[in-house]
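The values are calculated or read from the model by the stated rules, or taken from the named source; none is laboratory data. These figures come from a predicted structure and were not determined experimentally. Cβ: placed from backbone, ideal geometry, glycine included. Neighbour counts: every protein chain shown. Accessible surface areas use protein heavy atoms only, side chains included; no ligands, DNA or RNA. Shrake-Rupley method; radii C 1.70, N 1.55, O 1.52, S 1.80 Å.
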Amino acid sequence: NKASVYALFDALANKKRTVEWSGLSMMVTFISQCEKNALKKTRRVLDAFADRIGDNTWQTLITEDGLLTVKKMLRQTASKSTAVSCHWIRSRSRSQFLWVVGNRSKFNSEGVVPVNTTSKSLELEESFSLNSEVIALLSRLAGLFHDVGKAMALFQDKLKPEFRGKAYEPYRHEWVSLRIFQAFVAQSDDKLWLEELTNIDNTAENRTLSKLEVLKDGIADNPINPFKAFPPVAKLVAWLIVSHHKLPQYPRNEDNPPTFENMDIWLNTKFEACWNSPQCLNDDWSKSVIANNWSFPEGTPLKSAHWQTQASIVAKKMLQCDRLFERDWFDQHFTAHLARLSLMLSDHYYSSRKETSPEFQDRNYHAYANTDKDENGHKNRKQKLDEHNIVVGINAYDIAQSLPFLKGQLPKLKPNKAFTDKVPKEYQKDFGWQDNAYSLANTVKEDSKKFGFFGVCMASTGKGKTRGNARIMYGLADEGECRFSVALGLRILTLQTGDALKKDLGLKDNELALLIGSQAVKDLHQQTRITKSSEQENDGRESAEPLLKDETELIAGLSEYTGDLAQWLEHDPKILKLLQAPVLVSTIDYLMPANEGIRGGRQIAPMLRLLTSDLVLDEPDDFGLDDLPALCRLVNWAGMLGSRVL
């Protein structure tokens with residue numbers, strides 16, 4: 001009878017045995033901590049399956065299949081305001097926390113709702129918190145200027161459906177945008193040009209274009225290096241503008257590229273258009289084409305009333321942010337790279353959208369930013385140029401404000417005794433070292449939060465390094481907070497490692513993601529070579545490209561992340577799956593673009609992964625000596641973004 005079955009299952013559970021219920025009914029309780037419209041949506045779902053025993057509490061007898069249906073329906077309606085937990089009533093004295101749909105931060109690792117909050121004084125978290133407003137303001141202002149160069153005649157002609165000419169210009173739109181920004185800033189200090197931006201009016205464009213005359217590459221004589229005279233804030237904004245699609249590179253046909261030691265020298269004295277637009281060195285550009293590269297038939301977004309309003313708003317905020325003027329942020333790599341990440345992600349997100357934002361379109365301004373294709377495959381102009389720059393800037397600000405909370409909102413490994421239990425006595429000889437390693441990791445856990453962590457794990461073949469590495473990373477993290485990535489050099493090892501983690505540690509499908517490159521890792525140090533395709537701009541749709549290489553294969557469970565950043569990743573479900581997995585096992589060529597990639601879009605996903613999880617470099621002896629500099633750069637980036645590295 002039912003009582004006997006309950007007693008049997010309870011006895012097995014007390015012996016730490018995993019029991020799967022199928023057709024049998026179990027008593028469950030649902031707790032809702034939803035807000036806003038999410039509360040109404042979850043009530044409709046839960047009322048259909050369970051009895052409401054309180055304003056935000058439900059209880060019912062249900063089968064495992066029925067419970068899976070409830071979870072699936074809650075996910076389908078989930079938003080960032082959703083937070084529902086489920087508890088299995090095992091006996092009169094014991095319940096088991098099963099899962100959360102939505103915002104996990106509303107519950108602790110045992111499904112308990114907090115009644116008070118406190119903050120930890122951690123250096124990395126404090127740095128993120130203190131600088132998040134600086135990062136957000138810099139990326140928002142850069143967003144306003146990032147594509148103003150698309151107003152040039154060559155680019156506007158390229159967006160027309162009937163266009164059949166070259167798909168690229170002598171000078172890329174980022175370089176033209178940089179020159180327009182340089183003309184606006186002129187020789188002013190930061191507070192002076194920001195003051196001018198707060199009071200911007202219809203005369204600003206004429207003044208800016210007048211100053212642009214002596215900065216037109218290919219036309220003007222010896223135009224001034226854009227970085228030579230920039231004050232600190234303008235310098236970083238300028239860098240974000242010129243690098244939001246690709247990092248500038250030393251041209252192929254030039255000698256003596258800069259070394260690490262003289263980077264400041266080349267930026268201030270040697271940086272030229274060909275570093276961003278190597279095609280400008282081609283000798284087949286006519287004077288009329290170059291002239292059209294610097295001609296703006298519809299004017300720039302600086303003439304748009306909506307653009308002027310938003311520029312004034314952000315400039316006022318920047319002038320009120322004292323911290324913005326306390327240091328040279330260009331030398332703060334964490335701040336500079338996260339501002340660039342926020343801008344790039346915002347650009348990719350908004351460029352991928354079918355919808356436009358008419359409320360940010362000046363009806364008297366007629367330049368466009370990009371194109372789209374209709375159901376018949378015909379090209380049509382899509383987003384207005386003023387609208388595109390405005391919305392990218394606003395979203396970049398919101399993304400930057402969300403980044404400090406991303407790791408806390410993403411799913412973590414649930415408490416798992418397979419990570420913490422000691423190796424059985426009969427296996428101590430071969431695998432007992434794992435217990436010592438786990439204990440050691442636990443002792444340095446608090447220090448690793450403050451100072452970071454770099455460790456080396458050495459053990460003979462067949463001694464369980466894969467499981468041992470996972471236990472070390474689990475030991476370094478707080479309980480219920482563990483997230484890590486395992487990067488390998490060979491495709492077959494990636495599959496084997498994923499199987500081993502599932503088998504030895506009982507990881508479920510929604511806790512582990514596998515990302516497999518199409519081939520073994522190639523020469524990592526050659527990834528920065530310029531290719532011919534870098535000269536191409538596909539009708540303004542460069543920002544809408546997928547963020548993962550098409551030839552990668554992702555094996556992962558359903559995405560559960562519905563936090564603050566989810567809406568900006570919804571256009572690329574593969575990335576959303578990838579980020580939400582507590583454990584990622586991949587070939588290392590997925591992570592390398594974080595520091596080796598030139599095309600901006602390819603850097604976004606690995607940077608977000610390094611920002612939100614620790615890193616295990618497994619089997620590094622598979623790489624040659626030529627690969628080690630690139631691996632060292634990856635370790636440096638991981639540390640900068642807050643990852644512990646093993």
- Note on the structure: Cα-only Rg/Rh for segment 185-337 with Kirkwood Rh rounds to 0.98
- Write out the trypsin sites (Lys or Arg not before Pro) in segment 242-344 meeting two conditions: DSSP loop, and at most 14 other Cβ atoms within 10 Å of their Cβ. Arg252, Arg327
- Where in segment 588-627 does the label zone of Val635 land, with the point 7 angstrom along Cα→C-beta and an amide N cut-off under 15 Å? 615-627
- Query: At 222 nm, what helix-only mean residue ellipticity would the chain give, in deg cm²/dmol to the nearest 500, using -39500 (n - 2.57) for each DSSP H run of four or more?
  - Reply: -13000 deg cm²/dmol
- Unit charges on C-beta of K, R, D, E only; dipole of the chain, Debye: 2240
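Hey, with R₀ at 60 Å, roughly what FRET efficiency would Glu355 and Thr461 work out to, going by the Cβ-Cβ distance, to 0.05?
0.60
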- Report the trypsin sites (Lys or Arg not before Pro) located in segment 160-207 that are in a DSSP loop and have at most 10 other Cβ atoms inside 10 Å of their Cβ, or state none. Arg164
- Note on the structure: The answer for the chain, accessible area per residue at 1.4 Å probe in Å², is 46
- Item | Qualifying GluC sites (Glu not before Pro) for segment 356-404 [loop in DSSP, other Cβ within 10 Å: at most 11] | Glu375
- Message: Less than 21 Å apart at the alpha-carbon level, and either on another chain or at least 8 residues along: which lysines does that give for Lys106?
- Response: Lys36, Lys40, Lys41, Lys71, Lys72, Lys80, Lys120, Lys407, Lys412, Lys414
- Taking every other residue with Cβ under 11 Å from the Cβ of Leu343 and scoring Lys and Arg +1, Asp and Glu -1, one gets 0
- Query: Taking only C-alpha pairs under 8 Å that are 6+ residues apart, what is the relative contact order of segment 361-440 in percent?
  - Reply: 17
- Message: Taking only Cα atoms of the chain, what ratio of Rg to Rh do you get with Rh as the Kirkwood inverse-distance radius?
- Response: 1.01
- Semi-axes, largest first, in whole Å: what does sqrt of 5 times each Cα gyration tensor eigenvalue give for segment 374-434? 54, 19, 9
- Item | Extension reserve of the Ala186-Asp447 stretch, reckoned as 0.36 nm per residue once the Cα distance is removed | 89.3 nm
- Can you tell me the Rg and the Dmax, both Å, for the Cα atoms in segment 155-231? 14.9, 45
- If you average the sequence gap of Cα pairs under 8 Å that are 6 or more apart and divide by the length of the chain, what percent do you get for the contact order? 15
- The farthest towards the positive end of the charge dipole of the chain, of the residues Ile313, Gln332, Leu615, given +1 on Cβ of Lys and Arg and -1 on Cβ of Asp and Glu, is Leu615
- Pairwise Cα inverse-distance average, inverted: Kirkwood Rh of segment 155-200 (Å): 13.0
- Using all C-alpha to C-alpha distances in segment 366-409, build P(r) with 5 Å bins and read off the rounded percent in each one. 5, 19, 16, 14, 14, 12, 11, 8, 2
- Query: Sequence-distant or interchain residues sharing an amide H contact under 5 Å with Lys382, placed H: which?
  - Reply: Ala369, Asn370, Thr371, Asp372
- What's the center-to-center distance, using Cα atoms, between segment 204-231 and segment 164-201 in Å? 9
- Note on the structure: Of the listed links Lys445/Lys503; Lys465/Lys508; Lys158/Lys235, those spanning more than 23 angstrom between alpha carbons are Lys445/Lys503; Lys158/Lys235
- Long pairs among Lys166/Lys246; Lys166/Lys270; Lys211/Lys303, criterion Cα-Cα beyond 18 Å: Lys166/Lys246; Lys166/Lys270
- Message: What's the whole-number percent of alpha carbon pairs in segment 23-73 lying beyond 13 angstrom?
- Response: 55
- Item | Whole-angstrom gap from segment 580-646 to segment 50-116, using each part's C-alpha centre | 35
- Query: In percent, how large is the relative contact order of segment 172-256, given Cα pairs closer than 8 Å and 6 or more residues apart?
  - Reply: 42
